[in-house]
Amino acid sequence: MRARPLLDKLGAFAAVPTDMPDPIRHAVASDAAAICGIYNHYVEHTAVSFETEAVGVDAMAARIAEVQAQFSWLVYEEQGELLGYAYASKWKPRAAYGHSVESSVYLRRDAGGRGIGRQLYTRLFAELKPLGVHLVIGGIVQPNPASVALHERMGFVKCGQFSEVGRKFGRWMDVGYWQLKLEEAPQ
């Protein structure tokens, strides 16, 4: 039996039989409800997202389509359930920023610690390279040790921090920024 590489819990490659379906695929409009289920938890209960109101299914489907017009929006699906997603979007609208993107990754609350975020990012970055993307930027509300750890394991380097740049739940929030030059990304 042939095997393909897959990252295990520790981020190491493990052999997986090829008859297992690939859990990562491109998002489709019908994924919007499940994506809202993941994302709106962060909107309503955490400062991870600076949105303050839940996102509706139609609005999420429109976001997916907008991102996919230029970049990738990937989902991780296991046994018919979405456990996470990752995507890249324009960093800034000015033309000279055209080779830089901002990345986002979100996991269902019970899906952390399994290497899903790393797998999603690995695939996302592989899809961004042929598009001429040079720099990936991740903005992370502080403190968020799990997200910082994921980004640093992926090769991101902290490049700055804004103090009290957002306000949510009656508190001022800091946001740190990490960057990854794609030619330096782990394969």
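Need the failing condition index for Tyr97 against (1) within 18 Å of Leu124 (Cα to Cα); (2) more than 14 Å from the chain's Cα centre (by Cα), just the number.
(1)
With the condition kept exactly as written, say whether any residue in the range 9-20 is among the aliphatic types (A, V, I, L, M), modelled with pLDDT of 95 or more and part of a strand (DSSP E or B).
Checking the range 9-20: not a single residue is among the aliphatic types (A, V, I, L, M), modelled with pLDDT of 95 or more and part of a strand (DSSP E or B).
I need a count of the residues in the range 39-62 that are under 14 Å from the mean Cα position of the chain (by Cα), under 30 Å from Pro130 (Cα atoms) and either in a helix (DSSP H, G or I) or not β-branched (Val, Ile, Thr) (or both).
Adding up the residues that qualify gives 2.
Determine whether Phe162 is crowded, with 19+ Cβ neighbours inside 10 Å, over 18 Å from Ala27 (Cα atoms) and free of Cβ contacts under 8 Å to residues at least 40 places away in the same chain.
The answer is no for Phe162.
Only one of (1) over 21 Å from His45 (Cα atoms); (2) under 13 Å from the mean Cα position of the chain (by Cα) is not met by Ala126, so which one is it?
(2)
Starting from the range 105-127, take each residue that is modelled with pLDDT under 95 and list its partners that are hydrophobic (A, V, I, L, M, F, W, C), counting only C-beta distances under 7 angstrom and pairs at least six apart or across chains.
Gly112/Ala146
Results for (1) small (Gly, Ala, Ser); (2) crowded, with 18+ Cβ neighbours inside 10 Å; (3) closer than 25 Å to Ala146 by Cα, shown as yes or no for each residue.
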| position | (1), (2), (3) |
| --- | --- |
| Leu74 | no, yes, yes |
| Ser89 | yes, no, yes |
| Ala96 | yes, no, no |
| Ser100 | yes, no, yes |
| Tyr106 | no, yes, yes |
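Check the range 74-89 and report whether any residue there is in contact with a strand residue (DSSP E or B) (Cβ under 9 Å, 6 or more places away or on another chain), assigned to a helix (DSSP H, G or I) and closer than 23 Å to Pro130 by Cβ.
no
Restricting the first residue to the range 47-63 and requiring it to be more than 9 Å from Ala32 (Cβ to Cβ), which pairs with a second residue that is part of a loop (DSSP other than H, G, I, E, B) meet a Cβ separation below 7 Å and a spacing of at least six or different chains?
Note: pairs meeting the criteria are Ala47/Phe169; Val48/Asn144.
The values are calculated or read from the model by the stated rules, or taken from the named source; none is laboratory data. None of these values were measured; they are calculated from a predicted model. Counting neighbours? That spans all protein chains shown, and the Cβs are built from the backbone with ideal geometry, glycine included.
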